[in-house]
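**Student:** Below you'll find the structure I mean.
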Amino acid sequence: MNISATLNDRAETLRSIRDSVGALVPKAGNLQRIRSLRFTEMGFEPASLELMGKMGWISLTLPEDAGGMGLGLSELCAVCQELGAGLVPEPLIQANLSASLLAHCGASSLADDVVAGKRLITTAWQANADTLEIPVGADARRTLTLGTPVVERQPPAAPQAGPRRDVRAGPAQTAPAFW
């Protein structure tokens, strides 16, 4: 097979991925949906993450023997670009990374739940807030927190009515109602 044919096949694969994602995601995004999810506990819809799992987007870069599609980062980037253009807040990249790590570690039952979009397990890598330094030596702790299935999470309580106080404002000042 010559290089030109390989590049054309790859370009066609990326184009078909973009087209399939673009057919499901509104081009300009849905600002009403984003605003309604903004202050929820999860910040996304579990049903949408599960749909991403059914579409195979979460397992895009997983090897085929681990239940994935065996594609590369270019294909994942194509999906993410289309989702970004549609303002989709679901954590596809986090789910993909976690599924890859879990499959690599041999936790296949957990990886299967993540790939299906039924459970979101994120990787905790930042030991201290506001720093990117990785702790080493005796102070380094490894923590594995297994996520709860997103379909079992309870929605947060409705926010209470009334003005919100801006903590930077004086006692008589209140924050604007739009935040």
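**Student:** Kindly evaluate Glu75 against the criterion of being in contact (Cβ under 8 Å) with a residue 12 or more places away in the chain and of a type in the set (Asp, Glu).
**Tutor:** Values: in contact (Cβ under 8 Å) with a residue 12 or more places away in the chain: yes; of a type in the set (Asp, Glu): yes.
For Glu75, the condition - in contact (Cβ under 8 Å) with a residue 12 or more places away in the chain and of a type in the set (Asp, Glu) - is met.
**Student:** Could you please give the count of residues in region 1-22 that are in a helix (DSSP H, G or I) and either in contact (Cβ under 8 Å) with a residue 60 or more places away in the chain or more than 24 Å from Ala85 (Cβ to Cβ) (or both)?
**Tutor:** Narrowing region 1-22 to residues in a helix (DSSP H, G or I): 3-22.
When the remaining residues are screened for being either in contact (Cβ under 8 Å) with a residue 60 or more places away in the chain or more than 24 Å from Ala85 (Cβ to Cβ) (or both), the result is 3-10, 13-14, 17-18, 21-22.
Total satisfying the criteria: 14.
**Student:** From Ala99, Ala103, Ala95, grab the single residue that is within 30 Å of Leu7 (Cα to Cα), surrounded by 18 or more Cβ atoms within 10 Å (Cβ to Cβ) and modelled with pLDDT under 90. So that I can check it myself, show each step before the final result.
**Tutor:** Details: Ala99 fails: modelled with pLDDT under 90; Ala95 fails: modelled with pLDDT under 90.
After applying the criteria, what remains is Ala103.
**Student:** Can you say whether Gly43 is part of a loop (DSSP other than H, G, I, E, B), touching a residue at least 40 places away in the same chain (Cβ under 8 Å) and loosely packed, with under 13 Cβ neighbours inside 10 Å, as far as the supplied structure shows?
**Tutor:** Working: part of a loop (DSSP other than H, G, I, E, B): yes; touching a residue at least 40 places away in the same chain (Cβ under 8 Å): yes; loosely packed, with under 13 Cβ neighbours inside 10 Å: yes.
So Gly43 fits the description; yes.
**Student:** Taking region 23-35 only, how many residues are in contact (Cβ under 8 Å) with a residue 12 or more places away in the chain and under 17 Å from Trp57 (Cβ atoms)?
**Tutor:** So the count comes out to 3.
The values are calculated or read from the model by the stated rules, or taken from the named source; none is laboratory data. Small disclaimer: the values here were computed from a predicted structure and weren't measured. Glycine gets a Cβ as well: all are built from the backbone with ideal geometry, and neighbour counts include every protein chain shown.
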